[in-house]
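The values are calculated or read from the model by the stated rules, or taken from the named source; none is laboratory data. Keep in mind it's a predicted model, so treat the numbers as computed, not measured. No Cβ is skipped: glycine too gets one built from the backbone with ideal geometry, and neighbour counts run over all protein chains shown.
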């Protein structure tokens, strides 16, 4: 498992990666992947997403995804002035799009202790469960 940024395209999750990476090889080999989505708040909780994966190589889609993900990373949409550099990087790095089509998730209800007052009879850990996407 590795850390990746992703964006949504309808119900699909899109991940940018290099064609030679293990993520791409695994998606091509099996077509089924899992993605662990971490909560941005501390202490972290997570959602495990199970998805069918398709590898897309069309250059326009690859570059558009890279532009969107750069915007997520920067916290602002990327201007078109950087597109030529992104296009060049996409070719040099042999980038692809992993399109993940979720079919189920696994959730564990978060239980956190922020203070002594949080320790009470309701602070019990349970088992998580599979839920439909």
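Only one of (1) in contact with a strand residue (DSSP E or B) (Cβ under 7 Å, 6 or more places away or on another chain); (2) in a loop (DSSP other than H, G, I, E, B) is not met by residue 77, so which one is it?
(1)
Sort out which residues of segment 109-133 are free of Cβ contacts under 8 Å to residues at least 24 places away in the same chain, surrounded by 10 or more Cβ atoms within 10 Å (Cβ to Cβ) and over 30 Å from residue 10 (Cα atoms), and write them in order of number.
The answer is 111, 113, 118, 123.
Within segment 23-53, how many residues are exposed (fewer than 12 other Cβ atoms within 10 Å of the Cβ) and either closer than 25 Å to residue 92 by Cβ or modelled with pLDDT of 90 or more (or both)?
Number satisfying all stated conditions: 2.
Could you tell me whether segment 82-89 includes any residue that is touching a strand residue (DSSP E or B) at 6+ places or on another chain (Cβ under 8 Å), over 20 Å from residue 9 (Cα atoms) and in a helix (DSSP H, G or I)? Walk me through how you get there before you give the answer.
In the first step, residues of segment 82-89 are kept if they are touching a strand residue (DSSP E or B) at 6+ places or on another chain (Cβ under 8 Å); the result is 89.
Then keep just the ones that are over 20 Å from residue 9 (Cα atoms); that gives 89.
Next, only the ones that are in a helix (DSSP H, G or I) stay: 89.
Yes, the conditions are met somewhere in segment 82-89.
I want to confirm something. Restricting to segment 54-108 and keeping residues that are in contact with a helix residue (DSSP H, G or I) (Cβ under 7 Å, 6 or more places away or on another chain) and without any contact (Cβ under 8 Å) to a residue 12 or more places away in the chain, which single residue is surrounded by the most Cβ atoms within 10 Å (Cβ to Cβ)?
Here the residue is 78.
Output the residues belonging to segment 103-127 that are assigned to a loop (DSSP other than H, G, I, E, B) and at pLDDT 75 or above. Don't jump to the end; show me each part of the working.
Residues of segment 103-127 assigned to a loop (DSSP other than H, G, I, E, B): 108-115, 119-127.
Selection gives 113, 114, 115, 119, 120, 121, 122, 123.
Among the residues of segment 6-17, write down those that are assigned to a loop (DSSP other than H, G, I, E, B) and within 15 Å of residue 96 (Cβ to Cβ). Give the steps one after another, and end with the answer.
First, pick out the residues of segment 6-17 that are assigned to a loop (DSSP other than H, G, I, E, B): 6, 10-11.
Once the filter is applied, which keeps residues that are assigned to a loop (DSSP other than H, G, I, E, B) and within 15 Å of residue 96 (Cβ to Cβ), segment 6-17 yields only 6.
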